[in-house]
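The values are calculated or read from the model by the stated rules, or taken from the named source; none is laboratory data. Small disclaimer: the values here were computed from a predicted structure and weren't measured. FYI the Cβ positions are ideal-geometry reconstructions off the backbone, even for glycines, and counts take in every protein chain you see. All accessible areas refer to the heavy atoms of the entire protein, side chains included, with ligands and DNA or RNA removed. Shrake-Rupley method; radii C 1.70, N 1.55, O 1.52, S 1.80 Å.
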Amino acid sequence: MGAQTSEETRKQIVSLVRDFVKRDVEPIANAYDNEDIYPHELIPIMCELGLFGINIPTEYGGMGLDFTTFAMIFEELSKGWMSVSGIIGTHHILSYIISVYGTEEQKHRILPKMAKGEIRGGLALTESEAGSDAQNISTTAVKDGEEYVINGRKMFISNGDNGNAFALMAKTDPKSDPRHRGISCFIFEKPTDGFKVGRQLDKLGYRGLDTCELIFDDCRVPSDNLIGGEEGRGFGQVMNGLETGRINVAARAVGVAQAALEASVTYSKKRLAFGKPISEHQAIQLKLAEMAAKVHAARLMVYDAARKKDSGERNDLEAAMAKLFASEVCGEVAMEAMRVHGGVGYTKDLPVERYYRDAPLMIIGEGTNEIMKLVIARRLLEKYSD
Amino acid sequence: MSLNIIVCAKQVMDPETPLSAFNVDEAAKRVVPAQGIPPVVNGFCENAVEAALKIKEAAGDATITVISVGNDFVMDVMKKPLSMGADQMILIQDPAAENLDALGTATVLSKAIEKTGEADIIICGQQASDWDNAHVPLGISEMLGVACLSEARSIDLGDGTVTVASSRSDGYEVFEAPLPCLITVNNEIGQPRYPTLRGIMQASRKTPETWTLNDLDLSESDVSPALTLSELFVPASDRECQIIEGEDEADSGRLLALKLREEKII
């Protein structure tokens, strides 16, 4: 979001996040994940470190780091426990949307608090009948004086309980054709009368992080919270925000895959079979080699997508490719890690089974990989049109 | 009155370098830096930075200057104290500083401290994790003619004095000394704080001042080693794994304890 971050600074930032993960995240990751406990004690540390302001411009109190550094931070956090990256994942989609499309008043009012972690954000897009088909949302926002009245239900909302502000997608013109022109995006802040957090979802992976249903029942939002101050822009705003989300999800996938790879290499050197470490058996070496090559390729794709975003170029193609490839690699590498570990990898004694449970989130989240393929194909056909 | 705090810090090989990546060139009597594993700031030196930051917070008005001597500084590593909150950094970088012994290091650092002006408190890590000699702080205090308070677990600033609780194997002793003085710390002083992203960004805009031995009126012969390293090698170790099995976990633990006692390990 800011000027390119220097290599020296990036290394220090990665080292800092690695230290944080090692000292404070890894010791609790397995236990909290198993018990589905939110890591409240990490929040003050993450605020102090500045992790809530990574891509918020410096003039609004953020760090103004570029997207390559942003991706590196998400990778490191996810190596320790992917759920921790979720605390700041959609937070940064909201901050990005406000940074790019918000009015000056909205930027000054919201972003400094987001950078400090006083406001912790999320994205309220998905509904039970609208995920991949985002234009099919049924949540409505009806103008009433200086306010909008919101009605609807959102599903699968990360940080839904612990977050306190959301980029809320709602239809301000349900009859609009094309449909996307009838969609607007609001900054929705808690507490608001008529709003409540519904069911917390019990998930396969991504545990510890609250993923909730949000219920809006005649909720009133000030007109000042319509992002950019203009109706009908919300779909484009959120889709652009999701491109940053795809970089972060792809980076998370690289982090989990790297953790699975490192665990496999370490374990294979210790575990003996047929009188020697299994790392000396060719069957295991072939697995490790394939895992390492895939993770490396995925990482380069993420950095490439991030670099394009940093340079101001259109990167929807690269972001979608990186998200598609990295998440599939994550799933494959997590499975291979379990094969390398054998029975012990299937138990909760080691984090390998967590990597395996976390991997599908990256395949399904932030646009399913089937949607990614459509994004890629459409962009390719557009790029090579006559 | 503004307090001048000097912290001596050292860049060392990462002590968590896996044994498989640790190599010694026995002919050259040198440790070969591990490929792909960056060095770190010595752990106790980070404790020293933490101690200095706490004193600064208590004093209100203080300047923390970090000084290091060497010849191959990795800047993103060495800037960590600045990212944690130290105000400035001086690197004494010189080819002759490549293989200093403790006496040479103390000579260079004490000269550098003198050159900075009046230091009120000098804080050093108790020892560095590369050679674990713990000689340098004592050498600096001797050369500067100031008191050395070792192994501080707490530091309280008085009016022109400092009170230090020094860890001992059976408790601690409390000493008071006039300023200036030198204090050594280890991990009992408290966990080093994390740098912050903002701290890293601010540190990126600071350029450490670089001096050579010449800037300190020192020649290579002034810091030539007083000690001769006769031999350097990695001791051979035979690893043997023995599985202790009991009827249950408690029984296994009891049998393990008996075995360890039998082997005179406990």
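A few remarks follow.
- Computed from the C-beta positions of B:Thr163 and B:Lys29, the FRET efficiency with R₀ = 51 Å rounds to 0.75.
- For A:Asp193, solvent-accessible area (1.4 Å; no DNA, RNA or ligand), Å²: 140
- Note on the protein assembly as shown: antiparallel DSSP beta bridges, both residues inside, total approximately 60 percent of the bridges counted.
- Taking the accessible area of chain A, probe 1.4 Å, and keeping the other protein chains in place, the carbon and sulfur fraction comes to 52%.
- Pairwise FRET efficiency - A:Thr58 versus B:Leu232, Cβ, R0 = 51 Å, nearest 0.05: 0.55
- 3J(HN,Hα) along the stretch A:202-216, derived from phi through the Karplus expression 6.51 cos²θ - 1.76 cosθ + 1.60 where θ = phi - 60°, amounts to 8, 10, 4, x, 6, 7, x, 8, 6, 10, 10, 8, 10, 10, 10 Hz, with x in place of Gly and Pro.
- Given chain B, longest segment not containing exposed loop trypsin sites (Lys or Arg not before Pro) (DSSP; at most 13 other Cβ within 10 Å): B:1-204
- Residue range of chain A that is longest and free of GluC sites (Glu not before Pro) which are both DSSP loop and sparsely packed (at most 13 other C-beta within 10 Å): A:147-229
- Under the Karplus curve 6.51 cos²θ - 1.76 cosθ + 1.60, θ = phi - 60°, whole-Hz ³J(HN,Hα) for the stretch B:144-160, x wherever Gly or Pro sits: 8, x, 10, 5, 10, 10, 9, 6, 6, 9, 8, 10, 10, 8, x, 8, x
- Euclidean distance of C-alpha centroids, the stretch B:213-266 and the stretch B:1-37, integer Å: 17
- Between helix A:282-310 and chain A there is an angle of about 30 degrees, using the helix long axis and the longest principal axis of the Cα atoms.
- Options A:Val302, B:Ser219, A:Ile363, ranked by Cα towards positive dipole end of the protein assembly as shown, top entry (Cβ charges): A:Ile363
- Based on C-alpha pairs under 8 angstrom that are at least 6 apart in sequence, chain A has a relative contact order of 16 percent.
- Full-stretch length increase - A:Glu104, A:Glu262 - with 0.36 nm per residue and alpha-carbon distance subtracted: 52.3 nm
- Using a Förster distance of 30 Å, the FRET efficiency for A:Ser132-A:Thr192 (Cβ separation, nearest 0.05): 0.60
- Ranking A:Met169, A:Met72, B:Met143 from most to least accessible surface, computed with a 1.4 Å probe over the protein chains only, gives B:Met143, A:Met72, A:Met169.
- Annotation for A:Glu7 and B:Gln88: the two label points, set 7 Å from Cα along the Cα-Cβ direction, are 2.9 nm apart.
- Per residue of B:73-85, other chain Cβ atoms within 10 Å of the residue Cβ number 3 on average.
- For the protein assembly as shown, the mean residue ellipticity at 222 nm estimated from helices alone is -13500 deg cm²/dmol, where every DSSP H run of n ≥ 4 contributes -39500 (n - 2.57) and the total is divided by all residues, rounded to the nearest 500.
- Nearest-20 debye value, chain A charge dipole, Cβ charges on Lys, Arg, Asp, Glu: 1060
- Electrostatic dipole magnitude of the stretch A:128-190 [Cβ: Lys, Arg +1; Asp, Glu -1; Cα centre; debye, to 20]: 140
- A dipole drawn for the protein assembly as shown from +1 and -1 charges on Cβ atoms has a positive end, and of A:Ala130, B:Pro81, B:Asn71 the residue lying farthest that way is A:Ala130.
- Computed with a 1.4 Å probe on the full set of protein chains, the accessible area for B:Thr63 sits at about 40 Å².
- Estimated distance in nm for a label pair at A:Val14 and A:Ala283, the labels positioned 7 Å out from Cα along Cα-to-Cβ: 3.5
- Placing unit charges on the Cβ atoms only, positive for Lys and Arg and negative for Asp and Glu, gives the protein assembly as shown a dipole magnitude near 1940 debye about its Cα centre.
- Listed residue (A:His341, B:Tyr172, A:Ser176) projecting farthest to the positive dipole end of the protein assembly as shown, Cβ model: A:Ser176
- Beta-bridge orientation, chain B: approximately 40 percent antiparallel, per DSSP, counting only bridges with both partners inside.
- Between the Cα long axis of helix B:249-262 and the first principal axis of chain B there is an angle of about 80°, rounded to the nearest 10.
- Inter-part distance where the stretch A:55-82 and the stretch B:172-198 are each reduced to a Cα centre, Å: 32
- The angle between the Cα long axis of helix A:352-364 and the main principal axis of chain A comes to about 40°, on a 0 to 90 degree scale.
- Under the combined filter of DSSP loop state and at most 14 neighbouring Cβ atoms within 10 Å, the stretch B:232-266 retains these GluC sites (Glu not before Pro): B:Glu240, B:Glu245, B:Glu247, B:Glu263.
- Rough spin-label spacing in nm, given labels placed 7 Å along Cα→Cβ, for A:Lys143 and B:Asp251: 8.1
- Comparing B:Val146, B:Val24, B:Val41 in a Gaussian network model of chain B (Cα springs below 10 Å), the most mobile by mean-square fluctuation is B:Val24.
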